[in-house]
Amino acid sequence: MKHTITFLPDNITATVDKGENLLNAAAQAGVYIHAYCGGDGICGKCKVVVNKGEVGSDKANLKQEDWDKGYRLACLSTVESDLEIT
């Protein structure tokens, strides 16, 4: 199943398969997200906000306050629905 991701503020849209890694999906769309640790979920630099939709993710190195606000680590998140990401 395919899902559409809109990356804000650039308003870049990409269509990817369900289960695709969010960091990889961004790179394929030409959206650069910092990931100094190479996508290992250690540095926390690839933190994004999920405005709309659902991703598969775990809390990893995020504070509970950030998690509750919709922040996720792109490197540890998978696409589960159409998304709007900042």
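The values are calculated or read from the model by the stated rules, or taken from the named source; none is laboratory data. If you're wondering where the values come from, they're calculated on a predicted model, not measured in any experiment. Backbone-built Cβ (ideal geometry, glycine too); neighbour counts: all protein chains shown. SASA here: full protein model, heavy atoms, side chains in, ligands and nucleic acids out. Shrake-Rupley method; radii C 1.70, N 1.55, O 1.52, S 1.80 Å.
Assorted remarks:
- Selection over region 6-33 of residues that are touching a residue at least 40 places away in the same chain (Cβ under 8 Å) and open to solvent by 80 Å² or more (accessible area, probe 1.4 Å) gives a count of 2.
- Any hit, region 40-47, residues being farther than 15 Å from Thr4 by Cα, of a type in the set (Lys, Arg) and touching a His at 6+ places or on another chain (Cβ under 6 Å): yes
- Residues that are modelled with pLDDT under 95, surrounded by fewer than 14 Cβ atoms within 10 Å (Cβ to Cβ) and closer than 19 Å to Leu8 by Cβ, drawn from region 48-68: none
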